Amino acid sequence: MTALRAALTLAFLYFGIRKLGSFSTDVAIYEAIGFGQFPRYITGSIEVFGAVLLWMRGWEGWAGVLLLGTMIVGLSALLIWVGPPYWHMLILMVGTGIVAYGYRDQIIASIR
């Protein structure tokens, strides 16, 4: 699970910093979606925060849930307004789902 969390951390830091750094590709994607650039900053911040949260003891499961939710919303937006490529989002969804499931005991304990 540590290798998966490390890979997800690198991926989410990469994509989050790209969004926060206003890379032209990311700006164009959010323009195509049509809600302006504000959601790009929210998404980038969540991705960076989630990447850090993956390494905070007791919060790994919630990080998986947060990042999985972010990927579901992002994939939905791409499918509705932009189109492919989206294969990387599917891979990230599987990875974050595995982390959330692997740490499900943390999530269940914090809900009770």
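Nothing in this text is a laboratory measurement; each read-out follows from the coordinates by a stated rule. Source: prediction; values computed, not measured. All Cβ positions, even for glycine, are placed from backbone atoms using ideal geometry, and neighbour counts span all protein chains on display.
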Discussion item. Looking at the structure I just gave you, is Arg104 touching a helix residue (DSSP H, G or I) at 6+ places or on another chain (Cβ under 8 Å), surrounded by fewer than 16 Cβ atoms within 10 Å (Cβ to Cβ) and of a type in the set (Lys, Arg)?
Written reply: yes
Discussion item. Being part of a helix (DSSP H, G or I), over 20 Å from Pro85 (Cα atoms) and of a type in the set (A, V, I, L, M, F, W, C) is the filter here; which residues of the stretch 21-72 pass it?
Written reply: Phe38, Ile42, Ile46, Val48, Phe49, Ala51, Val52, Leu53, Trp62, Ala63, Val65, Leu66
